[in-house]
C-alpha cells in the first residue's frame, strides 16, 4: 500500500511540469499518500535532497507557472556520473547511492517527468529494483509510444507567433526570413509551426534537404510576384550528403547526448542569399520555446498525465510510462519506450538503438505540407 511517493523533473525545463506536479500531489492527497519532490532531478536523488509537496503549500498556484518548482538537471547520468577529485576527472556508477537513498527515505514510487533520456535512466533504475512511473515531457514531442508530450503544444504556439511576426518584416523588406526551431532529431515543431504559420519551406531532420530545391521554391515565388519567403528549419535538419550542424560538443560523459545542435538556420540563410540574391536573415528562437506559461492545452494534458501516473502507482503498475493513444490515457512498459537501447547507462537520443519518435513519411502533417505546396527540400 502506497504511503510516500517522490517526483523528479529531469532534462530541459518545459511548460506543464508544474501542472503535472500539482496533479500528482492533489491525486495523492485524495488517497492519503504523502508526496515529495527531489531537487534538481536525478542529482537530487544522488544528494538525497527533497522537499514535501502539498496542495495548500508548496504545490499551490502551479497551473500557470512555467519551469519547475523542484528544479531540473539535463547533465546527470547516475550510471556514469562525472566526479572530479584532486584535479582528476573520472566517471562512476553512483546509481546504487541513489537507490539506497530512496529506500531509506521510504518512497514507494518515483515519478520521472522527462524525455527519452530521463526515461532511459528510469528503465535502468527499474531493473535495479526501484518502482518507477514515467511521464512523457519534452517540447520535441519525440517520446515513443505516446501521441503527444506535454510542452509541445506551447512550443509550437510560440514558434507560430514568431512566424507571424517575421512575416511582417519579410513582406515589408522583401526578404527571406529563416526561423531555426528546436526539436533535436525530430521535426515535429518545425513541421507543425510551418503549417500553422504559413511558411513556404520546412526543413526537418527526417528529410535531408537539397538546397537547390529550396532555392527553386523561393525563386518560383519571386517570379509569381511574391518578393519574400518564410523558411522554418529544425535544429537537427541536414543537407543531402551532409551532416547536422553542431554548435558545441559537451563533456558530460557516456549516457548523455553531448551534442548541442545549432547553426543550421544561419547556414541555410547564407546559402539562400548567395544563390537568390535576396537578403536573407536568420532568427534562432532557442529557449523562448520552452519557457513561460503553458497553453491551456498543455495545462489540461499535464493534469491528465499527472492524475494517470498517480492512478497507475495506486494500482501497482510500476515501471511504466503514461501515454496518450488515440485520445485515451494509457500506459506502456518502460522497456518498450527505450526500444533496442538495452544497455544500462547507455546513450539516449540520436542513435539507431534508441526509440525516439520521429516524423514518419506517411504522417498527415507531411501530406498536408506537400499539398499546401510547402517545400520540404526534397
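FYI, it's all coordinate maths here, none of it is from the lab. Owing to the predicted nature of the structure, the values given are computational and were not obtained by experimental measurement. FYI the Cβ positions are ideal-geometry reconstructions off the backbone, even for glycines, and counts take in every protein chain you see.
So here's what we get for this one:
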{"item": "Pairwise centroid distance, computed over Cα atoms, of the stretch 267-286 with the stretch 119-148, Å", "result": "38"}
{"item": "Compactness index (Cα Rg / 2.2 N^0.38 Å), the stretch 185-229", "result": "1.24"}
{"item": "Highest-fluctuation residue, 152, 42, 81 considered, GNM on the chain with Cα pairs under 10 Å", "result": "81"}
{"item": "Largest-first principal axis extents, alpha carbons of the chain, Å", "result": "70, 47, 34"}
{"item": "Length added when fully stretched, residue 91-residue 167, from 0.36 nm per residue minus Cα-Cα", "result": "22.5 nm"}
{"item": "Gained length - residue 1 relative to residue 279, 0.36 nm times residue gap less alpha-carbon distance", "result": "93.6 nm"}
{"item": "All-pairs alpha carbon distance profile, the stretch 80-137, 5 Å steps from 0, percent", "result": "4, 17, 23, 21, 17, 9, 6, 2"}
{"item": "Bridge type composition, the chain - antiparallel percent by DSSP, nearest 5", "result": "35"}
{"item": "Shape of the stretch 144-301, Cα gyration tensor, a/c cut at 1.5", "result": "oblate"}
{"item": "P(r) histogram, all alpha-carbon pairs of the stretch 1-59 included - 10 Å bins from 0, percent", "result": "24, 53, 23, 0"}
{"item": "In degrees, nearest ten, helix 264-276 long axis to first principal axis of the chain (Cα)", "result": "10"}
{"item": "Evaluated at q = 0.15, 0.18 Å⁻¹: base-10 log I(q)/I(0), Debye formula over Cα of the stretch 1-157", "result": "-0.77, -1.08"}
{"item": "Peptide ranges 196-203, 59-66, 219-226 listed from the most packed, as the mean C-beta count within 10 angstrom indicates", "result": "196-203, 59-66, 219-226"}
